[in-house]
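Engineer: The structure's right below; bear with me while I get my questions together.
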Amino acid sequence: MVIYNVIGLMCYFMANMGYALGDIKKNSMFNIIRNIFYGIFIVIAASYYGIVGTLVVSLMMSLTLDLFFFSHRVYKLGYLQMSMIKKLARLSVMIVTSSLAVCWFLKNFIISNVPSNMFFARLLIGGGAFTIFYFFLILIIDPKFRNQLRALGSKLFFKAAVH
């Protein structure tokens, strides 16, 4: 679900960029044809595989059709530079691999240290630890976010010191 949401947001952004750059007709035609196929595939997947089938069809449609079409169109319109794509790919590989490693470590740590009947505690500990890790990972990688957070901290500290 997380992958679907991230890819869906990226595709939605690129679709809006295509509309903003004047590619209304091609985007609209793509969406009409895509949704016809989506409707057919979702009915078939739901009838045979239930909710898992609908999730797989949704993810595959976003991964294959939406991501490739919209990124190709925005690139053709001159908005998406190859240097930006390479930079995002490098950052994504770094984020995904470190996140997978931390997830593996957290899973093993929680399984060995938290009793198996404490489901909610396992969920809170794992989710909280991964959220903290991910926040610090983005803080390390993204200098713009780091500077914005530093400016916000100095404003809050200054207001607290004045009162």
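The values are calculated or read from the model by the stated rules, or taken from the named source; none is laboratory data. Because the structure is a prediction, the values reported are computed rather than measured. A quick note on method: Cβ atoms are made from the backbone with ideal geometry, for glycine too, and the neighbour counts reach across all protein chains shown.
Engineer: Residue under question is L80, and the condition is that it be under 19 Å from N5 (Cα atoms) and either outside the structural domain of G126 (by TED's automatic domain parsing) or of a type outside the set (D, E, K, R) (or both); does it hold?
Structural biologist: Taking the combined requirement at face value, the residue does not satisfy it.
Engineer: Determine which member of the set S112, S92 is at pLDDT 80 or above and assigned to a helix (DSSP H, G or I). Please lay out each step first, then the result.
Structural biologist: On the way: S92 fails: at pLDDT 80 or above.
None of the others qualify; the one that does is S112.
Engineer: Quick one: which of L63, L9, L21 is closer than 23 Å to A89 by Cβ, within 22 Å of the chain's Cα centre (by Cα) and in contact (Cβ under 8 Å) with a residue 24 or more places away in the chain?
Structural biologist: Numbers: L9 fails: in contact (Cβ under 8 Å) with a residue 24 or more places away in the chain; L21 fails: within 22 Å of the chain's Cα centre (by Cα).
Exactly one residue qualifies, and that residue is L63.
Engineer: Residues that are loosely packed, with under 11 Cβ neighbours inside 10 Å, more than 30 Å from I141 (Cα to Cα) and outside the structural domain of D142 (by TED's automatic domain parsing): does the range 53-69 have at least one?
Structural biologist: Of the range 53-69, the ones loosely packed, with under 11 Cβ neighbours inside 10 Å are 64.
Now restrict to residues that are more than 30 Å from I141 (Cα to Cα): none.
No, the range 53-69 contains no residue that is loosely packed, with under 11 Cβ neighbours inside 10 Å, more than 30 Å from I141 (Cα to Cα) and outside the structural domain of D142 (by TED's automatic domain parsing).
Engineer: So, F120, is that one in a helix (DSSP H, G or I) and surrounded by fewer than 10 Cβ atoms within 10 Å (Cβ to Cβ) or not?
Structural biologist: Details: in a helix (DSSP H, G or I): yes; surrounded by fewer than 10 Cβ atoms within 10 Å (Cβ to Cβ): yes.
Answer is yes for this residue.
Engineer: Same structure, new question: Look through V6, V57 and report the one residue that is more than 22 Å from V96 (Cβ to Cβ), part of a helix (DSSP H, G or I) and of a type in the set (V, I, T). Explain how you work it out, then say what you get.
Structural biologist: Working: V6 fails: more than 22 Å from V96 (Cβ to Cβ).
Criteria check complete, one pass: V57.
Engineer: Of all residues in the range 24-36, how many are of a type in the set (A, V, I, L, M, F, W, C), within 14 Å of F69 (Cβ to Cβ) and over 24 Å from the mean Cα position of the chain (by Cα)? Working first, answer last.
Structural biologist: If we filter the range 24-36 for residues that are of a type in the set (A, V, I, L, M, F, W, C), which is where we start, we get 24, 29-30, 32-33, 36.
Retained after the next criterion (residues that are within 14 Å of F69 (Cβ to Cβ)): 29-30, 32-33.
If we keep only those that are over 24 Å from the mean Cα position of the chain (by Cα) too, we end up with 29, 32-33.
The number of residues fulfilling the criteria is 3.
Engineer: Here is a further query. Going by the structure shown, is L137 in a helix (DSSP H, G or I), under 30 Å from Y19 (Cα atoms) and touching a residue at least 24 places away in the same chain (Cβ under 8 Å)? Before you say what the answer is, go through the steps one by one.
Structural biologist: On the way: in a helix (DSSP H, G or I): yes; under 30 Å from Y19 (Cα atoms): no; touching a residue at least 24 places away in the same chain (Cβ under 8 Å): yes.
No; evaluated as a whole, the condition is false for this residue.
Engineer: Continuing with this model, one more query. Here is a list: I32, I111, I132. Which entry is in the same structural domain as I7 (by TED's automatic domain parsing) and exposed (fewer than 14 other Cβ atoms within 10 Å of the Cβ)? Before the answer, list the steps.
Structural biologist: Numbers: I111 fails: in the same structural domain as I7 (by TED's automatic domain parsing); I132 fails: in the same structural domain as I7 (by TED's automatic domain parsing).
Going through I32, I111, I132 in turn, just one is in the same structural domain as I7 (by TED's automatic domain parsing) and exposed (fewer than 14 other Cβ atoms within 10 Å of the Cβ): I32.
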